[in-house]
Amino acid sequence: MKTRESMENYLETIYLLEQRTGYVRAIDIATELGFSKPSVSNAMKKLRAEGYISVEEKSRIVLTPEGRRIAEGTYERHCVIAAALMRIGVSEETALQDACRMEHILSEETFLCMKRHHEASLRKSEE
């Protein structure tokens, strides 16, 4: 895999497609990301070799437990960051785009602080 960001994006996309449709193939990933099928196929080979996915019958792509852990963590980061940005006035479109980039570079410390702040804000708004 070329970069950790690329790997995380692929795993997150597989996770989201799986949630949305229940069944993921390389062509679905290519369509979702706007990448060529050969590029996605190459990435899937690398993800499989690294133990993040398995490919079942009829070319169904399934996250391994480790792949799912990374995908869920990346998606959680995305959601928390996007919500935090929108809370301070960033438009939804910009917040979602920025969250896609920021989710890969924030330190664990910074993310955990943002998450705690986000959760505290949610609790306050429910009161």
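The values are calculated or read from the model by the stated rules, or taken from the named source; none is laboratory data. What you see is a predicted model; the values in this text were computed from it and never measured. Cβ coordinates were reconstructed from backbone atoms using ideal geometry, including for glycine residues, and neighbour counts include every protein chain displayed.
Has the stretch 94-113 got at least one residue that is basic (K, R) and modelled with pLDDT under 95? Give the derivation first.
Of the stretch 94-113, the ones basic (K, R) are 101.
Keeping just the survivors that are modelled with pLDDT under 95 gives 101.
Scanning the stretch 94-113 turns up at least one residue that is basic (K, R) and modelled with pLDDT under 95.
Quick one: count up the residues across the stretch 107-127 that are more than 18 Å from G73 (Cβ to Cβ) and of a type in the set (A, V, I, L, M).
2
Can you find a residue that is over 30 Å from R116 (Cα atoms), in contact with a Ser or Thr (Cβ under 8 Å, 6 or more places away or on another chain), assigned to a helix (DSSP H, G or I) and in contact (Cβ under 8 Å) with a residue 12 or more places away in the chain anywhere in the stretch 37-53? Spell out how you get there, then give the answer.
Taking the stretch 37-53 first, the residues over 30 Å from R116 (Cα atoms) are 37-51, 53.
Narrowing the set further to residues that are in contact with a Ser or Thr (Cβ under 8 Å, 6 or more places away or on another chain) leaves 43, 48, 51, 53.
Those still in the list that are assigned to a helix (DSSP H, G or I) too: 43, 48.
Still in the running and in contact (Cβ under 8 Å) with a residue 12 or more places away in the chain: 43.
Yes, the stretch 37-53 has at least one match.
Taking the conditions exactly as written (among the aromatic types (F, W, Y) and in contact (Cβ under 8 Å) with a residue 40 or more places away in the chain), does Y75 satisfy them or not?
Values: among the aromatic types (F, W, Y): yes; in contact (Cβ under 8 Å) with a residue 40 or more places away in the chain: yes.
Yes, satisfied.
Might you let me know whether the stretch 52-73 holds any residue that is over 17 Å from Y15 (Cβ atoms) and under 17 Å from the mean Cα position of the chain (by Cα)? Spell out how you get there, then give the answer.
Initial filter on the stretch 52-73 (over 17 Å from Y15 (Cβ atoms)): 57-59.
In the following step, the residues that additionally are under 17 Å from the mean Cα position of the chain (by Cα) were identified as none.
There is no residue in the stretch 52-73 that is over 17 Å from Y15 (Cβ atoms) and under 17 Å from the mean Cα position of the chain (by Cα).
Tell me, which residue of the stretch 74-104 that is polar (S, T, N, Q) and farther than 22 Å from R116 by Cβ is farthest from the chain's Cα centre (by Cα)?
Checking each candidate, the answer is S91.
When the residues of the stretch 17-36 are narrowed to those that are hydroxyl-bearing (S, T, Y) and part of a helix (DSSP H, G or I), which ends up farthest from R4 (Cα to Cα)? Even if it seems obvious, please write down each step before you answer.
In the first step, residues of the stretch 17-36 are kept if they are hydroxyl-bearing (S, T, Y); the result is 21, 23, 31, 36.
This time we only want the ones that are part of a helix (DSSP H, G or I), so: 21, 31.
Numbers: T21: 25, T31: 21 Å.
Looking at the filtered set, the residue picked out is T21.
Of all the residues that make up the stretch 78-127, how many are without any contact (Cβ under 8 Å) to a residue 12 or more places away in the chain and either touching a Pro at 6+ places or on another chain (Cβ under 9 Å) or among the acidic types (D, E) (or both)?
Residues meeting the conditions: 7.
Restricting to the stretch 43-64, count the residues that are modelled with pLDDT of 95 or more and either small (G, A, S) or not assigned by TED's automatic domain parsing to the domain that holds A26 (or both).
4
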